[in-house]
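FYI, it's all coordinate maths here, none of it is from the lab. Owing to the predicted nature of the structure, the values given are computational and were not obtained by experimental measurement. No Cβ is skipped: glycine too gets one built from the backbone with ideal geometry, and neighbour counts run over all protein chains shown.
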Amino acid sequence: MAAKKFNYKQSLKRLEEIVAQIESEEPDVDELSQLVKEATALMKKCKEKLKATEEDIDRTLSDL
């Protein structure tokens, strides 16, 4: 089975949903823990994507 391709825009949307859910004070302790873990994983992937994109742009511009 192929891994789902990472989508930065969808990940940011999901992070916004998680923040809204946490701020609404709806999640119980167990759910809160899962939400924080999911948000942390998404932030890590977003950071990696931003770094890779920056490096790609730098390489492209250095070829000019």
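Here are the numbers:
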{"read-out": "Rounded D (µm²/s) - the chain, Kirkwood Rh over Cα pairs, Stokes-Einstein at 4 °C, 1.567 mPa s", "value": "95"}
{"read-out": "Charge dipole magnitude, Cβ of K and R +1, D and E -1 - the chain, Cα centre, debye nearest 20", "value": "460"}
{"read-out": "Karplus 3J(HN,Hα) series, Hz, for the stretch 35-52 with 6.51 cos²θ - 1.76 cosθ + 1.60 (x for Gly, Pro)", "value": "5, 5, 5, 5, 4, 4, 5, 5, 5, 4, 5, 5, 4, 4, 5, 4, 5, 5"}
{"read-out": "Cβ-Cβ FRET estimate between Asn7 and Gln34, R0 fixed at 22 Å, reported to 0.05", "value": "0.60"}
